[in-house]
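Colleague: Okay, handing you the structure first.
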């Protein structure tokens, strides 16, 4: 099965410095969880990570696989909080290098590896799996193989948390009162072509269907859509404030593209065109 290195690197290997301008210090690049209104972005990102890890029933010495591990914030927290071994998979060279550096700095005897690999190339036994907003990066044709792989590499008591951005199927739009506009369809095309090439936006039905067919039960779902509006708005404000540095690190074109992406996505979550949440899957 072909692994989409080029598609992922087109986005994530833009520049670590560029992403650092709008991310919080943990470098988490997914929906935060504002457990309290007065939380900073960093606190809300840690709250999101804790929410996910808390569902996995982790015990010291277990091995946690993070599929689409980003710069390593979930793995770092897992080592520090639960004393586990971690393996992260990313297709981004920049994330792999910086993520390993971040994990190597953690005081622990546990093993921590960041591999430049897709889940399609991974076949080691692990105890638990977490995957936060990576599922959207591959096409629907890979869903079956993905859940089958996750099921196969875990023991009988395996647990997995999958956080994903979703889009309501167009057939749902009329009953939800979402008008279908040309500008929305254009924005979707922009995201598919210029931000996340090669990906697909799933809906909740896809997760229930494909995870269920692999043998998983979906035990729980936490809706987080309103939290993404605030996350995206916070990122957009920070990127705008760092405009000159952003252009210096990349280009005017990249800066404009990301501003359009962050502002447009916030609008989509605000209007419930897009939604997001965490699924807890058990064997």
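The values are calculated or read from the model by the stated rules, or taken from the named source; none is laboratory data. Please read these numbers as outputs of a predicted model, since none were measured by experiment. No Cβ is skipped: glycine too gets one built from the backbone with ideal geometry, and neighbour counts run over all protein chains shown.
Colleague: Please indicate, with yes or no, whether at least one residue in the stretch 260-282 is out of contact with any helix residue (DSSP H, G or I) (no Cβ under 6 Å at 6 or more places or on another chain), in a helix (DSSP H, G or I) and over 18 Å from residue 178 (Cβ atoms).
Modeller: Yes: the stretch 260-282 contains one or more residues that are out of contact with any helix residue (DSSP H, G or I) (no Cβ under 6 Å at 6 or more places or on another chain), in a helix (DSSP H, G or I) and over 18 Å from residue 178 (Cβ atoms).
Colleague: Quick check on my filter: what residues within the stretch 236-256 are outside any helix (DSSP H, G or I) and touching a helix residue (DSSP H, G or I) at 6+ places or on another chain (Cβ under 8 Å)?
Modeller: 250
Colleague: Identify, from the list 129, 49, the residue that is within 19 Å of residue 222 (Cβ to Cβ), in contact with a helix residue (DSSP H, G or I) (Cβ under 7 Å, 6 or more places away or on another chain) and part of a strand (DSSP E or B).
Modeller: Result of the check over 129, 49: 129.
Colleague: Which one is farthest from residue 260 (Cα to Cα) among residues in the stretch 203-225 that are assigned to a loop (DSSP other than H, G, I, E, B) and at pLDDT 95 or above?
Modeller: By that ranking, first place goes to 215.
Colleague: Filter the stretch 243-258 down to residues that are within 26 Å of residue 227 (Cβ to Cβ) and surrounded by 17 or more Cβ atoms within 10 Å (Cβ to Cβ), then give me how many there are.
Modeller: Residues meeting the conditions: 3.
Colleague: State whether the residues of the stretch 92-101 include one that is in contact with a helix residue (DSSP H, G or I) (Cβ under 6 Å, 6 or more places away or on another chain) and modelled with pLDDT of 95 or more.
Modeller: Scanning the stretch 92-101, I find no residue that is in contact with a helix residue (DSSP H, G or I) (Cβ under 6 Å, 6 or more places away or on another chain) and modelled with pLDDT of 95 or more, so the answer is no.
Colleague: For the stretch 30-62, enumerate the residues that are in contact with a strand residue (DSSP E or B) (Cβ under 9 Å, 6 or more places away or on another chain) and buried (at least 17 other Cβ atoms within 10 Å of the Cβ).
Modeller: If the condition is that a residue be in contact with a strand residue (DSSP E or B) (Cβ under 9 Å, 6 or more places away or on another chain) and buried (at least 17 other Cβ atoms within 10 Å of the Cβ), then 30, 31, 33, 48, 49, 52, 53, 55, 56, 58, 62 are the ones that fit.
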